[in-house]
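The values are calculated or read from the model by the stated rules, or taken from the named source; none is laboratory data. No experiment lies behind these values; they were computed from the predicted model shown. When we count neighbours, we look across all protein chains shown, and the Cβ atoms used for this are built from the backbone with ideal geometry, even at glycine.
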Amino acid sequence: MELKIPGNHFYYSKDPLSKDFILFQGVEPHLRWSLFVDLLLDLTEKFGVSQIFTIGGTYDYIPHTYPPMVSALFSHEGLREKVVQSGLALTEYTGPVSIHTFILEAAKKKGLNAISLWGHAPQYLQTKNVKVICSVLRSLLDLTETKIDLSDLERASDYFDQQVNHLVEQDPKLQEVISKLEEVYKRSEKFTSFSKKEEGAKEDKVVYIQAFLKKQEDDEKKES
């Protein structure tokens, strides 16, 4: 048995021909959020950070057959136009507070520019959604006016899409659920996220695609 203590790590990228980045990967604290966020924002001020971004994901009543939706929250109204021009959905979130919201509120009090990006993944696909991840990263690169080669991730996204479609083809019940969901999604204003289950999306059907992909790999090994 090995004791693994959760860690928080900083990475940085410094390039005279591009923008400098400080990347933070950590675990949401269970206690003393104020101290955690104060230390984080003190660091951004010390290094003269001009923009703060947080990245998250959520399951939503959204069909995988449409381009993934990325929504945004921001610390100041002055960022609204920038967010809208990037094609991001605006959301008025109500519910449990996460560390993302806490960071945005703290940044607002300090007069810092902060944007929280959220990728919306179909609730019936319970797995790491490469397609949504790719969309969130594209939005981040657009907002920061940064160019990074995402071709490998885009290929992985296409492959993921193919696997999901193959799975759906084998499940008529799931096809029916997705068809109903598409109807509701098309009727929603600007394809915005649903705040509650609407008619046509009331029937939950969760597919653990990771188990499906594992089964497919096992079948291929048996055939070879």
Matching entry among ILE5, ILE52, ILE62, ILE22 (being more than 24 Å from the chain's Cα centre (by Cα) and β-branched (Val, Ile, Thr)): ILE5
HIS30 in contact (Cβ under 8 Å) with a residue 40 or more places away in the chain, farther than 30 Å from VAL177 by Cα and out of contact with any helix residue (DSSP H, G or I) (no Cβ under 9 Å at 6 or more places or on another chain): no
Check on LEU141, more than 15 Å from the chain's Cα centre (by Cα) and either touching a residue at least 12 places away in the same chain (Cβ under 8 Å) or part of a helix (DSSP H, G or I) (or both): no
Qualifying positions in segment 111-138 - part of a helix (DSSP H, G or I) and in contact with a Leu (Cβ under 6 Å, 6 or more places away or on another chain): CYS134, VAL136
Flag if PHE194 is part of a loop (DSSP other than H, G, I, E, B), modelled with pLDDT under 85, surrounded by 15 or more Cβ atoms within 10 Å (Cβ to Cβ) and aromatic (Phe, Trp, Tyr): yes
For ALA89: the one exception among (1) surrounded by 16 or more Cβ atoms within 10 Å (Cβ to Cβ); (2) touching a Leu at 6+ places or on another chain (Cβ under 9 Å): (2)
